[in-house]
Each structure stands twice: as structure tokens, then as C-alpha cells.
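All remarks here apply to the structure that follows.
The values are calculated or read from the model by the stated rules, or taken from the named source; none is laboratory data. Computed from a predicted model, the values in this text were never measured in an experiment. No Cβ is skipped: glycine too gets one built from the backbone with ideal geometry, and neighbour counts run over all protein chains shown.
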Protein chains: 2
Amino acid sequence: MTTGKVTLLSAGPGDLDLLTIRAAKRLASADVVLLDDLVNPGIVALAPQARVIRVGKRGGCKSTPQAFIQRLMLRYAKAGQHVVRVKGGDALMFGRAGEELAALRQARIPCEILNGVSSGFAAAAGLGISLTHRDHCQGVTFVTAHLRDHSEPDWAALAATGTTLAIYMGMSRIENLCAALMGVLPASTPAAVVQAAGTAEERSVIASLERIASIALEAGLGSPAVILVGNAIGEAVLSVMPEAFEQGSALRRA
Amino acid sequence: MTTGKVTLLSAGPGDLDLLTIRAAKRLASADVVLLDDLVNPGIVALAPQARVIRVGKRGGCKSTPQAFIQRLMLRYAKAGQHVVRVKGGDALMFGRAGEELAALRQARIPCEILNGVSSGFAAAAGLGISLTHRDHCQGVTFVTAHLRDHSEPDWAALAATGTTLAIYMGMSRIENLCAALMGVLPASTPAAVVQAAGTAEERSVIASLERIASIALEAGLGSPAVILVGNAIGEAVLSVMPEAFEQGSALRRA
């Protein structure tokens, strides 16, 4: 019996058109698809031959333990199957790819990694801005607010870099998080929240750091969302002009 | 005469299979393609109807000034054309999209932004690692070493975040850059250099921060390359086993 293989596949922010061409090819030849929660469920249409197993794992909800996901992945690959492990955004940023890669390495299962578009990039596209406008900063930091040990990220250190901050998994604590950032950044620092970036349900608000939490909550925004903070985000105030959005189109007046 | 439109299109790290499906669609309908230097020249085959204009702009080489690129973009769009502005990686990280978006905004030209895979992600895929393995860090910082005012990035502040550092445009000063980082990070911190990530010519080296500059230079690595620094990069030592690479394939023993 030949050993199978695993493709660790990044599904991007949601819209299936934002998959890479290679990702679509691998799905077409998949025998087994292991699907995360935050992935567009319509993706299964691209894997018509595959057995699809949903292995969602969201904070606070009922979930498939990580160890079980890894066992499933190994079991099917060892049985000679082409397993496509599908993760939202880019598989290599947040989402425990490191642990899955270690398990594959240990079992000597061949693995191909396919990158995709992470939701922080889709959020910037939705706002019509660069993450790193050179008038404002020299980089961008992607950070999760959901730490393993339930501690707080070091907001002072993050703010001191002067990079744009793209904060993932922060909506459940956005008020505390913004209060902490207010201790180290001016209250007037531009900020935005983009919910479901890169999907048909995308919604966003823009405000100062001082007001962004209350405005996002009043607007009913929740997870999954990216919180963006930094002077480069201020460009969004200029670029987002709702009256100029063309109905039913991704086009906007820039 | 109807106004045209601009698609700001991210070409990803190089391999055309790593374009998004939507990017391929937009290229197919392009009237004019404005092409950056670092983009795979084979991309023009995807835009058979388009007039292709190369507007490369690389540090130190002969170059097309940014203002001229923007004038070209506006001229064709105002003439009713569908202009596809193609940038390597993700257009919204480095590469002056902010200025191009501002010019479009001012001229009230409709613009659609398409994300792609930035080379830092492709570099991690090449090394077989996550950028944010949760055993090691809580995020990743993308920073350019090529600052507008020729100053140095604040390496101490960047290192203090504890995030993985993905340094772009740093190869021409890798020795100084690593020396500066050695002042604020342990000499044993894992590091890697990945040249031409996500292309057929990809090459990489892995070493400690103390040795990475000399090893990369001895191996003849140069621009374009991403320099990765941080404990999460240490996983690459486990994952990269050259003897197990399958010839002519993106697959590897993980």
C-alpha cells in the first residue's frame, strides 16, 4: 500500500474566488477534506470526490480536539488517501498549523503547504487602504488577542514598534483591548473593525481608538473580525464613501 | 465616453498557480496591464487582450518614477480602459499601493483591490513552518528594512514584541541588520533567509541569528529575499530535510 499525502490548504478569507488556482486543483483531487469552521462551506463543491469531515474548533463552542484532528489526518494519509486539510485565511498564521506539521513530520507523511489570503489583508482591501502606507509606518504586526495562557499581549511593546496592528480574535474583549492600547497610543489613533472580511457579509466601522470599541459594538459587529489600529488606517476615512459603492459589486470609488 | 476602472491586483510570490481565481479572471478581461519588476513575466499570457507596460522600479536600478506610473494608470482608466495594475506579493503590504489608491481616489476612478500571497508567507511554506507557532510566539511582524529616510528600523522595539520578524528588502544590509538584532535578541535565535520564495528558483538557508548573514552570503543568496527571525523559525530545522525532497515536486517529507 502506498502512503498518501496531506495538502495543508489555505482557503483565504471566505469568497471562493479568493482561493489560489493551485488550491482549487488540489481540492479537485482530494479523497478526504478536513474542514475548519470558519471556511466557506461552499468550498466542498470544489472537492466532488472527497469525503468531507467538519472539524470546527471555535473558542467557547463545542469543538473537535486538536489531537483528534491530527489523528484523523494521519489515519487517512496512512491509508493511502490524499487528505486536504483546509484552514481559513493563510494556514501559516494562527490556527495551529505548527502542531499539525509536527505530527506529519513525525509520521513521515509527505505534506504540501498552500498559502492563501489572510483576513487582515482582506480587511485592508475592504477599507481600500494599504496596511503599510509609507507616510505612516514601516510594517504591520499580526497578533492574536487570544493567548494560550489567557494573559494579555504586551500592548506597550506592540505599540512601540510604530507598525500597523492587525489584531485577530479580539472581538470578545475589544473594550479591554482598546483601553489597554489607549495607555500606550494617542486616543486619536485611527482604528477599524472589519467583520467577515473578504466575504459577502463583510461589514466595517472606522473610528478613533477612543471610540472604536463602542462604535463596533453599537453596530453589532462580532467575531470573526479583525481589529486594525495605526496611522495607516486613517487613510480609510478618505477611501470609504458608502454613497459611491456600486450596488452588488466589489467595485467602489477608491 | 464611460470611465474605465482599475484593478489593483496582487500577483503573489511568483508561481502563477498561486494567483487567486479572481485575479486570473480580471487579467483575462484587462485592456492594459501595468507590470511591476518582481512579478513573474509569464503572467502576461493570462491577459491576452491587454497592452502590457512594464513599470519596474527597483532600488538602485533604472526605474519608472512612481508619479509616472500613476499618470499612466489614470490616463488609461479615464480613456475607458480596464487597467490592471499588477504588484508582486500582496499589493497592500509594501509597494506603495497607498499612493496609487490616493491618486485613484482623487480622480474618482473606480478601483477594485485583489489580495494575494505575500512572499513572507511563501517563505514559511518553503520552510515547512507556521509563522506563529503558539509554542513560540503570538504573532508576526512584517517590516521593511528599506526605510524612506534611510534610517534604521527600531530593532529593539521590534524584538521586544516577541513576534516572529519577517524582514523584507533587507538583503543588501543583512550583516548590519543581524548585528543590530544581536544587540537585542540572543545570538542563538533561529533565523532563515528565503530567496525567491514561492518560485521555481526558491533557495533558503537556516541558521542562528549569529551565523545567518555569513551563511546566506556564502550561499550566494541575494534579493529578492525574506529574512525570518524568531523562535518559531527554529521548527524549520526539524522540517527541512533536503534528502527527502521529492525531485521536481513541491511535496516534501514534512
**Fill in**
Those residues of the stretch A:158-168 that are within 8 Å of chain B (Cβ to nearest Cβ), of a type in the set (A, V, I, L, M) and surrounded by 18 or more Cβ atoms within 10 Å (Cβ to Cβ) come to a total of 1
**Message:** Just checking, does the stretch A:79-87 include any residue being crowded, with 20+ Cβ neighbours inside 10 Å, facing chain B (nearest Cβ under 8 Å) and within 18 Å of the chain's Cα centre (by Cα)?
**Reply:** no
**Item:** Verdict on A:Ala187 being in contact (Cβ under 8 Å) with a residue 60 or more places away in the chain, outside the structural domain of A:Leu18 (by TED's automatic domain parsing), touching a Ser or Thr at 6+ places or on another chain (Cβ under 7 Å) and not in a helix (DSSP H, G or I)
**Value:** no
**Prompt:** Which condition does B:Gly120 not pass, out of (1) within 7 Å of another protein chain (Cβ to nearest Cβ); (2) closer than 25 Å to B:Ala196 by Cα; (3) in a helix (DSSP H, G or I), if it passes all the others?
**Reply:** (1)
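Does any residue of the stretch A:232-247 turn out to be among the acidic types (Asp, Glu), at pLDDT 95 or above and closer than 30 Å to A:Ala91 by Cβ?
The first filter runs over the stretch A:232-247 and keeps only residues among the acidic types (Asp, Glu), leaving A:235, A:243, A:246.
Now restrict to residues that are at pLDDT 95 or above: none.
Looking for residues that are among the acidic types (Asp, Glu), at pLDDT 95 or above and closer than 30 Å to A:Ala91 by Cβ, one finds none in the stretch A:232-247, hence no.
From the residues in the stretch A:1-17 that are of a type in the set (Ser, Thr, Tyr) and in a loop (DSSP other than H, G, I, E, B), which one is surrounded by the most Cβ atoms within 10 Å (Cβ to Cβ)? Give the steps one after another, and end with the answer.
Step one: list which residues in the stretch A:1-17 are of a type in the set (Ser, Thr, Tyr), which gives A:2-3, A:7, A:10.
Subset that is in a loop (DSSP other than H, G, I, E, B): A:2-3.
Working: A:Thr2: 5, A:Thr3: 13.
For the stretch A:1-17, the residue satisfying everything is A:Thr3.
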**Asked** Take the residues of the stretch A:1-38 that are modelled with pLDDT of 95 or more and β-branched (Val, Ile, Thr): which is nearest to the chain's Cα centre (by Cα)?
**Response** A:Thr20
**Prompt:** Given the structure, is A:Gly95 closer than 30 Å to B:Ile113 by Cβ and without any contact (Cβ under 8 Å) to a residue 24 or more places away in the chain?
**Reply:** no
**Message:** Here is a check on your reading of the model: is B:Leu127 within 21 Å of the chain's Cα centre (by Cα), facing another protein chain (nearest Cβ under 7 Å) and modelled with pLDDT of 95 or more?
**Reply:** no
**Residue list for the stretch A:160-179, restricted to those being more than 21 Å from the chain's Cα centre (by Cα), closer than 20 Å to B:Thr141 by Cα and among the hydrophobic types (A, V, I, L, M, F, W, C)** = A:Ala160
**Request:** Output the residues belonging to the stretch A:140-152 that are surrounded by fewer than 24 Cβ atoms within 10 Å (Cβ to Cβ) and within 7 Å of another protein chain (Cβ to nearest Cβ).
**Result:** A:Thr144, A:Leu147, A:Arg148
**Prompt:** Can A:Ile227 be described as of a type outside the set (Lys, Arg), closer than 19 Å to A:Phe94 by Cα and crowded, with 23+ Cβ neighbours inside 10 Å?
**Reply:** yes
**Message:** I'd like to know if the stretch B:164-183 contains one or more residues that are free of Cβ contacts under 8 Å to residues at least 24 places away in the same chain, part of a loop (DSSP other than H, G, I, E, B) and farther than 25 Å from A:Ala166 by Cα.
**Reply:** no
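Take the conditions assigned by TED's automatic domain parsing to the domain that holds A:Ile215, free of Cβ contacts under 8 Å to residues at least 12 places away in the same chain and either among the polar types (S, T, N, Q) or surrounded by 24 or more Cβ atoms within 10 Å (Cβ to Cβ) (or both) and apply them to A:Ser130. Does it pass?
Values: assigned by TED's automatic domain parsing to the domain that holds A:Ile215: yes; free of Cβ contacts under 8 Å to residues at least 12 places away in the same chain: no; either among the polar types (S, T, N, Q) or surrounded by 24 or more Cβ atoms within 10 Å (Cβ to Cβ) (or both): yes.
Spelling it out, it is not the case that A:Ser130 is assigned by TED's automatic domain parsing to the domain that holds A:Ile215, free of Cβ contacts under 8 Å to residues at least 12 places away in the same chain and either among the polar types (S, T, N, Q) or surrounded by 24 or more Cβ atoms within 10 Å (Cβ to Cβ) (or both).
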**Message:** Just to be sure before I move on: is A:Thr20 crowded, with 23+ Cβ neighbours inside 10 Å and within 11 Å of another protein chain (Cβ to nearest Cβ) in the structure I sent?
**Reply:** yes
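Of the residues in the stretch B:145-163, how many are assigned to a loop (DSSP other than H, G, I, E, B) and out of contact with any Pro (no Cβ under 8 Å at 6 or more places or on another chain)? Step through it out loud before you land on a result.
Taking the stretch B:145-163 as the starting set, the residues that turn out to be assigned to a loop (DSSP other than H, G, I, E, B) are B:145-154, B:161-163.
If we keep only those that are out of contact with any Pro (no Cβ under 8 Å at 6 or more places or on another chain) too, we end up with B:146, B:148-154, B:161-163.
Looking only at that region, the number is 11.
Considering the stretch A:65-77 alone, what residues qualify as being more than 15 Å from A:Leu101 (Cα to Cα) and either in contact (Cβ under 8 Å) with a residue 12 or more places away in the chain or buried (at least 20 other Cβ atoms within 10 Å of the Cβ) (or both)? So that I can check it myself, show each step before the final result.
If we filter the stretch A:65-77 for residues that are more than 15 Å from A:Leu101 (Cα to Cα), which is where we start, we get A:65, A:76.
Once the filter is applied, which keeps residues that are more than 15 Å from A:Leu101 (Cα to Cα) and either in contact (Cβ under 8 Å) with a residue 12 or more places away in the chain or buried (at least 20 other Cβ atoms within 10 Å of the Cβ) (or both), the stretch A:65-77 yields only A:Tyr76.
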**Prompt:** Hey, A:Ile43 hits all of (1) more than 13 Å from every other protein chain (Cβ to nearest Cβ); (2) under 21 Å from B:Gly116 (Cα atoms); (3) modelled with pLDDT of 95 or more but one; which does it fall short on?
**Reply:** (1)
**Asked** Out of curiosity, is A:Arg105 free of Cβ contacts under 8 Å to residues at least 12 places away in the same chain and under 26 Å from B:Ala123 (Cβ atoms)?
**Response** yes
**Request:** Check the stretch A:99-116 and report whether any residue there is facing chain B (nearest Cβ under 9 Å), crowded, with 21+ Cβ neighbours inside 10 Å and under 28 Å from A:Pro190 (Cβ atoms).
**Result:** yes
